[in-house]
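The values are calculated or read from the model by the stated rules, or taken from the named source; none is laboratory data. What you see is a predicted model, and the numbers here were worked out from it, not measured in a lab. Glycine gets a Cβ as well: all are built from the backbone with ideal geometry, and neighbour counts include every protein chain shown. What goes into the accessible areas is simple: the full protein's heavy atoms, side chains included, and nothing from ligands, DNA or RNA. Shrake-Rupley method; radii C 1.70, N 1.55, O 1.52, S 1.80 Å.
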Amino acid sequence: MESRQLGRTGRQVSVIGLGCWQLGGDWGDVGEDDALAVLNAALDAGVTFLDTADVYGDGRSETLVGRALRDRGADGLTVATKMGRRADPLVPDAFTLETFRGWLDRSRRNLGVDTIDLVQLHCPPTPVYSDDPVFDALDTLVHEQVIAAYGVSVETVQEALTAIARPNVATVQIILNVFRRKPLEHVLPAAQAAGVGIIARVPLASGLLSGKYDESTSFAADDHRTFNRHGESFDVGETFSGVPFDVGVRAARDVAALTPQGATTAQLALRWLIDQPGVSTVIPGARNAEQARSNAAAANLAALDPATLGGLENVYDTQIRAHVHDRW
């Protein structure tokens, strides 16, 4: 699989990574055997970048990733985790060197590593991005080799631009997909100019861009696609990329009609992301091994032709833009 440099980490990572939220929770039940099968299938398919967080299943996702590392070895792999959402209350004052140490000690135990390859602030309150002591603390942790590098996971374009301006931020993780195109305007060019890596998350708009859902599709009660449709538990942009479900289902049908022969609609959506200048890696999740293999295979598709690109842009402009473009 093609690899690209992950921003200021200096590491090479696969263009398709694996998002490990599903392995922890909030996507319905994924059993341990299925979770490990997903990890192994992704690694077998050439994935070298795994993205998790300390709150995914209250550490379950990190622990499963750590088990895969022990079973297979960590050579050539980059594992990123996130911290910050364990803060209670979630306020800027919680982001201190002392709290970072506690969170990271737990994550290192879960992952079974001494030094975490990449840690990302996990969508913290907006003032955190402008707080110099927060980033001084992160620099201290790099110096102490608790972490090798750090980045941020953001909700908004402006948060991303604030982070990119900081000299030691290695990566920015942001929602970017066929239904969330605003980062193309300023974030990706700014990141490229600064040498900051872009990790594209929610690449399939919580499954909408698989083209498999219709208006009657339902999800388990413990799946965020049921309980967070209006932002009840966290930012609504994390669920279906903030697109109303019925709107997204209709638009996804038009996306599916543009799918090249021999590809799936999900692979089309992932290939679109790979083609965007400045994207380092894309992190779709998977609930089973076949999904993990299929997602990885998107890297083998040819770059999308102008007609397909124009069709995708038209779907966004006519059906999606009004719902999301000015919100994040």
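Kirkwood radius for region 222-312, taken over all pairs of different Cα atoms as the inverse mean of 1/r, rounds to 14.7 Å. The label-point distance for Thr115 and Leu184, in a model that sets each label 7 Å from Cα toward Cβ, rounds to 3.8 nm.
The candidate values were [x] 24.1, 101; [y] 18.4, 54; [z] 22.9, 99; the one computed from these coordinates for Rg and Dmax of the Cα atoms in Å carries the label [y].
Within 12 Å, Cβ to Cβ, of Leu309, how many net charges do the neighbouring residues add up to if Lys/Arg are +1 and Asp/Glu are -1?
-1
Amide hydrogen proximity for Asp223: with H placed 1.01 Å from N in the peptide plane, the residues at 5 or more positions away or on another chain lying under 5 Å are Gly28. Under a Gaussian network description of the chain, with springs only between Cα atoms under 10 Å, the residue in Val15, Val247, Val236 that fluctuates furthest is Val247.
The HN-Hα couplings worked out from phi for region 212-220 by the Karplus form 6.51 cos²θ - 1.76 cosθ + 1.60 (θ = phi - 60°) are 9, 9, 10, 4, 9, 5, 10, 10, 4 Hz, whole numbers, x standing for Gly and Pro. Would you please give the residues with an amide H less than 5 Å from that of Ile16, counting only those at least 5 places away or on a separate chain, with H modeled from the backbone geometry? Placed amide hydrogens put Val282 under 5 Å from Ile16.
The value obtained for region 156-208, namely the Cα convex hull volume divided by the number of residues, is 63 Å³ per residue. Couplings 3J(HN,Hα) of region 89-101, computed from phi: x, 7, 10, x, 5, 6, 8, 10, 4, 4, 5, 4, 4 Hz, in residue order, whole Hz [Karplus 6.51 cos²θ - 1.76 cosθ + 1.60, θ = phi - 60°; x for Gly and Pro]. Along region 8-21 the Karplus relation, 6.51 cos²θ - 1.76 cosθ + 1.60 evaluated at θ = phi - 60°, assigns HN-Hα couplings of 7, 6, x, 8, 9, 9, 5, 5, 9, x, 10, x, 10, 4 Hz to successive residues, with x for each Gly and Pro. Label positions at Thr259 and Glu98, each projected 7 Å from the Cα along the C-beta direction, are separated by 5.3 nm.
Solvent exposure of the chain, expressed per residue, is 39 Å² of accessible area, with all protein chains present and a 1.4 angstrom probe.
Taking the DSSP bridge list for region 1-127 and keeping only pairs wholly inside it, about 25 percent are antiparallel.
I'd like the antiparallel share, as a percent to the nearest 5, of DSSP beta bridges with both residues in the chain. So the antiparallel bridges in the chain amount to around 15 percent. Along the axis of the charge dipole computed for the chain (Cβ charges of +1 for Lys and Arg, -1 for Asp and Glu, origin at the Cα centre), the listed residues Gln12, Gly311, Pro92 are led at the positive end by Gly311.
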